[in-house]
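Colleague: Sharing a structure, written as structure tokens. Questions coming.
The values are calculated or read from the model by the stated rules, or taken from the named source; none is laboratory data. Bear in mind the structure is a predicted one, so any value in this text is a computation, not a measurement. Heads up, the Cβs are rebuilt from the backbone with ideal geometry, glycines too, and the neighbour counts pull from every protein chain shown.
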Amino acid sequence: MRYLRRRTSGGPRWIGSAAAVAAAAVALTACGGGNAATGTSGTSSSGSGTTKTTGTVRVALILKDFTNPYFISMENSAKADAAKLGVKLTVSAGSSDGDTTTQITAIDNAIAAGDAGIIITPNGNAVNPSLDQAKSHHLLVIALDTVPTPPSTADLTYATNNFEAGQLIGQYGAKRLNGKAADVAMLDLSNTQVVSVDTSRDHGFLTGMGIPVGNQNLNGDEPKSGSYKGQLGGSGSYKIACQLPTQGAVPGGQTAMEQCLSKDPNINVVYAINEPAAEGAGAALKAAHKTGVLVLAIDGGCADIPYLQSGEMTATSGQFPGKMAALGVSAINTLAKTGQKPAATPGLGFYNTGTELYTDSPIAGVTSETTTQEAGVCWKA
């Protein structure tokens, strides 16, 4: 999940459309029952009774908004893959994050047009009845970035394993501390609602550090002090100095970090829900003349390469929104053409699009890539 931030320059966006097609092909399994919407001007029937298309496949991509670079990267990659496959792609978005009304209209339009499928980053559960209606009309519904609630709202979700993303930076942090006491600031998304991406990343980080999470369904229930034992090495004492919401934004990250420092000026590890929150934390640390603090985040946007290079951010777990969208286009096209439906990654309720640890301060025993390598795969608007 990515939240609105300022625009900055960076390396090229994810461009692996060919890889996306190959990956989607690997994930395909036979569709069990029901016909897909034709989404085309011509159809033929297989022996199993599954309708297959012979003409142009039509797909609707419905984003949260057209302003966030994270979702713009999805649009760019989906368009590139659609052009390669000969898919007719219609793109729409809410007026802002949370605008479900516009998304519902777009879903209705896709149903009326007889599209083969819908790819959506839902703005909220209010779209669920419309997505259920789309499925009843045999459109394949694919969610991106975050598994919907309930997961069955979509036929499949292409997303980052957010627990794993948090785990990577936690493992790195523990190993990097090399036995030093960990004085930790937890900069989460929210403290007023439970969001799956928030708890998954938070708990992944704690697990990678070797700190018990407490309640598996909530943030903030871990023991506030004790001993950590990193999964890849590094052990010592720890305390959770503070745990505050940031709304996943630069201002929220800065304000939260300022409050944490006023409570405990000796913080030496910062976990941030995403890179904008980490940037805000870095600004607060810089203003307070604090150096040597590990600032650990999740996202993998090109815009954050300068922060990793300067050391204001120490490491980040990169995700691939463009890959999510391109895989969605490929999956719907394959279903329409062959009758084969995409499958989740074994053991997960979604298709894991992967994550990589990026840092310019690598540590032996922790797999990572440099910002030079990141520049070839990172995402931007």
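Colleague: Which residue out of 143, 126 is under 30 Å from residue 204 (Cα atoms), in a strand (DSSP E or B) and either modelled with pLDDT of 95 or more or not basic (Lys, Arg) (or both)?
Modeller: It is 143.
Colleague: Which numbered condition trips up residue 96, out of (1) farther than 24 Å from residue 55 by Cβ; (2) part of a loop (DSSP other than H, G, I, E, B); (3) touching a Gly at 6+ places or on another chain (Cβ under 8 Å)?
Modeller: Only one criterion is unmet by residue 96, namely (3).
Colleague: Do you know which residues across the range 247-268 are assigned to a loop (DSSP other than H, G, I, E, B) and within 27 Å of the chain's Cα centre (by Cα)?
Modeller: Passing the criteria: 247, 248, 249, 268.
Conditions tested, residue by residue: (1) buried (at least 19 other Cβ atoms within 10 Å of the Cβ); (2) within 18 Å of residue 277 (Cα to Cα); (3) β-branched (Val, Ile, Thr); (4) touching a Gly at 6+ places or on another chain (Cβ under 9 Å).
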| site | (1), (2), (3), (4) |
| --- | --- |
| 155 | yes, no, no, yes |
| 174 | yes, no, no, yes |
| 186 | yes, yes, no, yes |
| 218 | no, no, no, no |
| 223 | no, no, no, yes |
| 236 | no, no, no, yes |
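Colleague: Mind checking which strands (runs of 3 or more DSSP E) fall wholly inside the range 152-246 and carry at least 3 residues that are free of Cβ contacts under 8 Å to residues at least 60 places away in the same chain and farther than 30 Å from residue 121 by Cβ?
Modeller: Counting at least 3 such residues, we get 225-229, 235-245.
Colleague: Moving to a separate point now. Quick check on the range 274-293. Is at least one of its residues over 30 Å from residue 87 (Cα atoms), of a type in the set (D, E, K, R) and surrounded by fewer than 24 Cβ atoms within 10 Å (Cβ to Cβ)?
Modeller: yes
Colleague: What residue, of 326, 288, is assigned by TED's automatic domain parsing to the domain that holds residue 77, over 26 Å from residue 367 (Cα atoms), in contact with an Asp or Glu (Cβ under 9 Å, 6 or more places away or on another chain) and not polar (S, T, N, Q)?
Modeller: Being assigned by TED's automatic domain parsing to the domain that holds residue 77, over 26 Å from residue 367 (Cα atoms), in contact with an Asp or Glu (Cβ under 9 Å, 6 or more places away or on another chain) and not polar (S, T, N, Q) holds for just one of 326, 288, which is 326.
Colleague: When you check residue 106 against the structure, is it out of contact with any Pro (no Cβ under 7 Å at 6 or more places or on another chain), outside any strand (DSSP E or B), at pLDDT 95 or above and under 25 Å from residue 188 (Cβ atoms), yes or no?
Modeller: no
Colleague: Might you check whether a residue that is farther than 19 Å from residue 73 by Cα and in contact with a Lys or Arg (Cβ under 6 Å, 6 or more places away or on another chain) occurs anywhere in the range 339-353?
Modeller: Looking through the range 339-353, at least one residue is farther than 19 Å from residue 73 by Cα and in contact with a Lys or Arg (Cβ under 6 Å, 6 or more places away or on another chain).
Colleague: Could you tell me which residue of the range 57-74 is nearest to residue 138 (Cα to Cα), considering only residues that are assigned to a loop (DSSP other than H, G, I, E, B) and of a type outside the set (Ser, Thr, Tyr)? Write out each step before concluding.
Modeller: Going residue by residue through the range 57-74, those that are assigned to a loop (DSSP other than H, G, I, E, B) are 57, 64-68.
Filter again for of a type outside the set (Ser, Thr, Tyr), leaving 57, 64-66, 68.
Working: 57: 14, 64: 23, 65: 26, 66: 28, 68: 31 Å.
Among those residues, the one meeting the criterion is 57.
Colleague: When you go through (1) in the same structural domain as residue 128 (by TED's automatic domain parsing); (2) surrounded by 18 or more Cβ atoms within 10 Å (Cβ to Cβ) one by one for residue 203, which number turns out not to apply?
Modeller: (1)
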